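Data block below; observations after.
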């Protein structure tokens, strides 16, 4: 089983091409980067669980119902009676770039505690994945970082997608130091171009991998319409993006790519990963992300197993 952990929230999707400021209406969609990944994995047929916390409100109940309907193991989905489910306003600009505005001050997703993570049954987990805004600050950040180290101590494969949202980070230096340490440790690391520029401005992908001493671990860099790169055992691998129709929304494409990578690695076993597997794995991930780009929304746009040859 793969365990994903982090925020679950409601994306309020604005009007295409108008950005947040010019949008006059917003449609609610279930989202959050780790939630998108767990739905992507479940729809591909993988046994998954999700560690998250939502409010005891309409949106929290909507998220829980959706996760259960999508066959996600619910043992680690916690409910706060005192804090609300977070919201994120999302709208595509004229250039189809997602704009974000988060409402998550004192919300349920910030309140995952060490007591909560003590419920996790380690011997049923093969891969642990987390990332995004849950790791910025507060109880949740501390708890999930502790969980990363616990997984490492128990020889469980770890995966991270930082998915940086710099406008939410109160202390940039502290956050960078914390994340760089985790990025050195994890077995699988996926970054976007924006993430790379945030952590090490003006550096190359190769330098970043060398700086983090990750030459023998799998590191992936997504490049949007320019495809993706992987660095593994001293070599760089390049894969083209897959355009599978009209691009309507790139929200969730990186999460779809991450889900597809984890799915393939769970099939072969991370310890069995060889260089000659990487092109097929990256090609599959690009295909899954390409499908998501033709649909609106994050979690709801993830393809199902029947849509792909898996």
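Figures for the structure shown
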{"read-out": "Residue selected from segment 207-220 under the condition touching a residue at least 12 places away in the same chain (Cβ under 8 Å) and loosely packed, with under 14 Cβ neighbours inside 10 Å, by the criterion nearest to residue 234 (Cα to Cα)", "value": "216"}
{"read-out": "Residue 103 touching a strand residue (DSSP E or B) at 6+ places or on another chain (Cβ under 7 Å), free of Cβ contacts under 8 Å to residues at least 24 places away in the same chain and closer than 24 Å to residue 162 by Cα", "value": "yes"}
{"read-out": "Residue check for residue 123: over 26 Å from residue 16 (Cβ atoms), modelled with pLDDT under 90 and not in a strand (DSSP E or B)", "value": "no"}
{"read-out": "Residue among 169, 145, 133 that is surrounded by 15 or more Cβ atoms within 10 Å (Cβ to Cβ) and closer than 12 Å to residue 7 by Cβ", "value": "133"}
{"read-out": "Complete set of residues in segment 142-157 that are more than 15 Å from residue 118 (Cβ to Cβ) and in contact (Cβ under 8 Å) with a residue 40 or more places away in the chain", "value": "157"}
{"read-out": "Residue among 261, 281 that is crowded, with 19+ Cβ neighbours inside 10 Å and more than 17 Å from the chain's Cα centre (by Cα)", "value": "281"}
{"read-out": "Test: residue in segment 229-246 that is touching a strand residue (DSSP E or B) at 6+ places or on another chain (Cβ under 6 Å) and either part of a helix (DSSP H, G or I) or closer than 30 Å to residue 27 by Cβ (or both)", "value": "no"}
{"read-out": "Hits in segment 224-253 - residues which are at pLDDT 95 or above and under 17 Å from residue 194 (Cβ atoms)", "value": "228, 229"}
{"read-out": "Matching option when the condition is under 28 Å from residue 22 (Cβ atoms) and surrounded by fewer than 23 Cβ atoms within 10 Å (Cβ to Cβ), among 94, 83", "value": "94"}
{"read-out": "The one condition in (1) part of a strand (DSSP E or B); (2) under 30 Å from residue 106 (Cα atoms) that residue 134 fails to fulfil", "value": "(1)"}
{"read-out": "Identity of the residue in segment 108-120, touching a residue at least 40 places away in the same chain (Cβ under 8 Å), part of a loop (DSSP other than H, G, I, E, B) and surrounded by fewer than 21 Cβ atoms within 10 Å (Cβ to Cβ), that ends up nearest to the chain's Cα centre (by Cα)", "value": "120"}
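The values are calculated or read from the model by the stated rules, or taken from the named source; none is laboratory data. Since the model is a prediction, treat every value here as computed from it, not as a measurement. Counting neighbours? That spans all protein chains shown, and the Cβs are built from the backbone with ideal geometry, glycine included.
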